[in-house]
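The values are calculated or read from the model by the stated rules, or taken from the named source; none is laboratory data. Note that the structure is a prediction, hence the values are computed from the model and not measured. No Cβ is skipped: glycine too gets one built from the backbone with ideal geometry, and neighbour counts run over all protein chains shown. Areas reflect the complete protein model, heavy atoms only, side chains present, ligands, DNA and RNA absent. Shrake-Rupley method; radii C 1.70, N 1.55, O 1.52, S 1.80 Å.
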Amino acid sequence: MSYPLVSIVGTTATGKTDVALALAEAAVASEKYSRVHLISADSRQVYRDLPILSGADVPEDFELLEFSEFEFSPFINKDKTILLHGVSMLAATDEWSVAVFREFALKIMRTAFAQNELVIVVGGTGLYHKHLLQTDPDLNVPPNEVWRAEAAALSVEELQKLLASEAPERFEAMNNSDKNNPRRLQRALEIVRAHTEPLPAWQSELIANTKQLYFGVSITAEKLTDRIAKRVQKRLQQGVLDEVSAALQLGAVADSQFATTLGFAELAAHVSDEISELDAVGSWTISEVQYAKRQQVWWKKQSDVVWLTHPVDVAALLENIAE
């Protein structure tokens with residue numbers, strides 16, 4: 001038996017979460033599934049101290065499910081039929097990676113599929129979606145906190161020399177961007193130094209019995225730019241400046257993954273009186289638009305994505321999934 005794994009993808013600000021929620025509601029209403037699990041694939045929405053900036057908008061009728069069978073408690077709707085995983089669950093200094101996300105999502109999938117429940121992975125980066133069903137044992141190498149603490153003090157050049165020395169073929173195979181990305185270099189060295197184990201049997205079986213279906217949500221470039229600008233203004237109204245100010249008081253966030261959230265650096269500079277609010281908001285908006293363009297280029301190259309246009313017919317989408 002093959003279980004469907006639905007990936008709702010596309011650029012930022014296209015309304016992917018709304019589509020995923022509507023699909024989840026339609027799936028429950030159809031009585032094909034008693035429950036639906038939504039998994040956010042966004043590596044910034046996992047942080048509970050940046051819900052406004054990261055866009056981790058939990059629907060109003062959802063509440064935290066304090067006692068659950070999952071490692072991280074999800075949010076659940078009032079009808080107890082839709083669970084939202086992967087948002088507002090980590091501290092600012094916690095690490096999150098594609099490897100950790102993959103393990104996190106596979107465990108949810110195992111529980112859901114055993115009860116014939118639908119799983120929808122929404123948003124985030126393409127890397128998170130694409131790695132979910134990969135069988136490369138390197139993906140199971142856990143973070144080495146001791147090494148990461150040591151690596152934080154090393155320059156890009158020092159990390160490059162270490163990787164070139166310890167694994168020259170791996171270093172040469174990296175593209176120029178990865179060779180100059182300290183986190184990618186740290187992770188490569190982490191994998192090289194670890195003793196990789198074969199995938200656990202439950203993961204191999206789960207992956208073999210899962211069919212991943214990609215659906216992309218698309219809007220015009222003009223509408224996308226307009227939506228991004230409006231979303232930035234909405235987050236300002238929601239109190240994002242106070243959120244960033246509070247985050248800066250947490251300590252040890254400057255070099256964390258948490259602080260690489262789009263807009264954080266610009267807003268932090270304004271909060272610290274280094275630039276005006278107007279300049280901070282302008283730079284943040286431009287960064288969001290540029291990021292969306294990069295996402296669009298990447299996703300358009302993926303031949304396995306079925307592209308949807310607004311308004312999305314979720315009933316037809318559900319039939320497509322059931323085929």
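Once all protein chains are placed together, L206 keeps about 20 Å² accessible to a 1.4 angstrom probe.
For the chain, taking Cα atoms only, Rg and Dmax work out to 20.2, 59 Å respectively. Computed from label points 7 Å out along Cα-Cβ, the spacing between A265 and L65 is 3.8 nm.
The residues packed around R110, meaning those with a beta-carbon under 15 Å from its beta-carbon, carry a net charge of -2 if Lys and Arg are +1 and Asp and Glu are -1. In a GNM of the chain with a 10 Å cut-off on Cα contacts, which of S68, S97, S283 has the highest mean-square fluctuation? Ranking S68, S97, S283 by mean-square fluctuation puts S68 first. When the alpha carbon coordinates of the range 111-185 are projected onto the principal axes, the ranges are 49, 26, 23 Å, largest first.
The charge dipole of the range 120-236, taken about its Cα centre with unit charges on the Cβ of Lys, Arg, Asp and Glu (plus for the first two, minus for the last two), comes to roughly 880 debye. Output the pairs from K130/K161; K16/K78; K107/K230; K107/K293; K107/K211 with a Cα-Cα distance over 25 Å in this structure; if there are none, say none. Too far apart for the 25 Å limit: K130/K161; K107/K230; K107/K293. Only Lys, Arg, Asp and Glu carry charge here, each on its Cβ (+1 for the first two, -1 for the last two); on that basis the chain has a dipole of about 760 debye about its Cα centre.
A dipole drawn for the range 1-129 from +1 and -1 charges on Cβ atoms has a positive end, and of V87, T125, P4 the residue lying farthest that way is P4.
How much length is gained on full extension from A221 to Q302, taking 0.36 nm per residue of separation minus their Cα-Cα distance? Please list the in-between numbers first.
Working: separation 81, 0.36 × 81 = 29.16 nm, distance 1.87 nm.
Stretched out fully, the A221 to Q302 stretch lengthens by 27.3 nm.
Rounded to the nearest 0.05, the FRET efficiency derived from the C-beta distance between A164 and E197 at R0 = 30 Å is 0.70.
Considering only Cα atoms, the convex hull volume of the range 184-253 works out to 228 Å³ per residue.
In order along the range 275-283, the phi-based Karplus estimate (6.51 cos²θ - 1.76 cosθ + 1.60, θ = phi - 60°) of 3J(HN,Hα) comes to 9, 6, 4, 4, 5, 5, 5, x, 5 Hz; Gly and Pro are listed as x.
Projecting the Cα atoms of A315, A280, Q302 onto the charge dipole of the range 277-321, computed from C-beta unit charges around the Cα centre, puts Q302 farthest toward the positive end.
If you build the convex hull over the alpha carbons only and average its shadow over all orientations, what do you get for the range 1-142? Give it in nm² to one decimal.
Values: hull surface 35.0 nm².
So the Cα hull casts an average projection of 8.7 nm².
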